[in-house]
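Here is the structure we will look at.
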Amino acid sequence: MSSVEWASLKEWLIEQKAIDESVVAAETLKRLDLSGRSLEELPESIGILSGLVVLNLAGNKLTSLPESVANIKMLNNLDIRRNAFTALPELLSSLNLRSLNASGNKISDITVLKGCRDLRVLDLSSNDLTSVEGMLSSQSELRTLNLSGNFIKEMDSTFAALSQLERLNLSANMLTGIPKSVEKMQNLVELNLSDNRITTIDEAFFYLSLESVDLSSNQLRALYLHDLGDLETLVLDSNPIRNIEVDESFAPYLREFSCDSCELDTFVNLPSLELESLCFSSNSIASIPEAIGKYEKLTQLDIDGNALVELPNVMANMTRLQTLYIEGNPLSETAKKVIKVLHPDICDITMKTDITIENAQEGDISQMAQLLGLLFAIEADFDIDFEKQVAGITKLFHYEGADLLVARHEGKVVGMVTMQRLISSAAGDYVGQIEDLVVDEVYRKMGVGSRLINKMRFIAIEEYGYKRIQLAADMDNTNALRFYSRRGFRRTNLNVYHLAKNK
């Protein structure tokens, strides 16, 4: 490395505001963040940063890496998400990477990974992969693998090559079944197969050591649940399931079970006495059995949107219950008395009655902009800028094709949601684009978000006759994704892309 090379590279890094003048030698840099700079290429001399351990290149326009990167032998963690790669660079095989994030690119070729045996964490979500067969080494050290948001149709032979894997995310692909080869994954504890087309599950699946499973938004119509002795969480939301049979051997330590928006007409009696969260929202269940009283550790129960008239008196003894969602049932006065005795901290039919949902007023704009700061703080793709948020809300307020609702308590805006009218060529008519749903932290878990989204949905469909309403949510915000799913929204296979004007 020449002093001229370092001087030139240092000047470039200072221009990018990635380092300051105090950095004396190239080899002293351990971490380098060049994310979000719209870079189309990196200087070839970047390879002289031989001491780098962490390199963040996320949110640029890179299609390749300089060959000199192969010289950074200390590099342990590389982040190239949200760029324009179509294949993983060949030079990766000469590094000893332990963590690689390549999500949000256009990658269809990952064959270089056969030479990356030290990888333990790999994220390839939201790419163009149709298959990963033969692309991962059987000697792999992988422990966490994210392949969500691709176009993968089967994983049969790949499962055998992933025997060391502990966490696997295959959500939003095109899988139709769980094959027998899954039995090779004896170390797997967390599996996400949501948003696929799964209709069949091989028996081998039920003898794994899984602790968390998400099978929501598939095509399962009936299930026989048994064994899975280590299972703690099972999510079956948005499947056309009409029948679930449960063996006494099934998941004795299960803590969370969700079967939201299915086609059940009967309560599912689970053997675990460790249940803390139970969800049967949006089904057709007509009765809750006395057996629900055995779930003495239950803290959250979601049974809204069913056909319940009566509730068993034993529910009044469920003293640990903190949250009860039960709106949308034709409850009798007797059932309401049971709820009154229960008196959970949060109950959607005994919420604060002095929180109103209203059309926004011009005087609310400043408070709404402040709420947007809370929302953007957890949205990775947005920056907080109060003046910009005020300008945006002001334009929306005066835009004919927009609706703005606020939740108000004692004169203060404590929640908001906006919707814009769009024209869809697919729907052949107007659709509504819902955005900016946010609730003040103090007022969360009080049903405010549900009331805002329900009111806006009524406006869109009943008042305007929109053919569809749609929204976008951060793929990493699991709470938001679960919230929207439980209120009738269904995830699609479309990815949202932004092209921002250069500053």
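The values are calculated or read from the model by the stated rules, or taken from the named source; none is laboratory data. All of these numbers come straight from a predicted model, not from anything done at the bench. Glycine also receives a Cβ, built like all others from the backbone with ideal geometry; neighbour counts cover every protein chain displayed.
Structural remarks
- Scanning segment 230-241 for residues that are part of a loop (DSSP other than H, G, I, E, B) and either buried (at least 16 other Cβ atoms within 10 Å of the Cβ) or in contact with a helix residue (DSSP H, G or I) (Cβ under 9 Å, 6 or more places away or on another chain) (or both) yields 231, 232, 236, 237, 238, 239, 241.
- Residues satisfying the stated conditions in segment 275-306, i.e. surrounded by fewer than 19 Cβ atoms within 10 Å (Cβ to Cβ), assigned to a loop (DSSP other than H, G, I, E, B) and without any contact (Cβ under 8 Å) to a residue 24 or more places away in the chain: 284, 286, 287, 289
- Of the strands (runs of 3 or more DSSP E) lying entirely inside segment 362-476, those containing at least 3 residues that are hydrophobic (A, V, I, L, M, F, W, C), touching a Leu at 6+ places or on another chain (Cβ under 9 Å) and in contact (Cβ under 8 Å) with a residue 24 or more places away in the chain span 402-409, 412-424, 429-439.
- Filtering segment 352-392 to residues that are at pLDDT below 80, in contact with an Asp or Glu (Cβ under 8 Å, 6 or more places away or on another chain) and closer than 26 Å to residue 35 by Cβ leaves 375, 376, 378, 379, 380, 381.
- Cβ-Cβ under 8 Å pairs, at least 6 apart or on other chains, segment 307-334 side assigned by TED's automatic domain parsing to the domain that holds residue 276 and without any contact (Cβ under 8 Å) to a residue 40 or more places away in the chain, far side of a type in the set (Ser, Thr, Tyr) and assigned to a strand (DSSP E or B): none
- Scanning segment 108-150 for residues that are closer than 18 Å to residue 97 by Cβ, of a type in the set (Val, Ile, Thr) and not in a helix (DSSP H, G or I) returns 110, 121, 132, 144.
- Yes/no for residue 309 being touching a Cys at 6+ places or on another chain (Cβ under 9 Å), in a loop (DSSP other than H, G, I, E, B) and of a type in the set (A, V, I, L, M, F, W, C): no
- Here 22, 68, 8 are screened, and the one residue that is of a type in the set (Ser, Thr, Tyr) and either under 33 Å from the mean Cα position of the chain (by Cα) or in a loop (DSSP other than H, G, I, E, B) (or both) is 22.
- All positions within segment 111-134 that are of a type in the set (A, V, I, L, M, F, W, C), out of contact with any strand residue (DSSP E or B) (no Cβ under 7 Å at 6 or more places or on another chain) and either surrounded by fewer than 19 Cβ atoms within 10 Å (Cβ to Cβ) or modelled with pLDDT of 95 or more (or both): 112, 129
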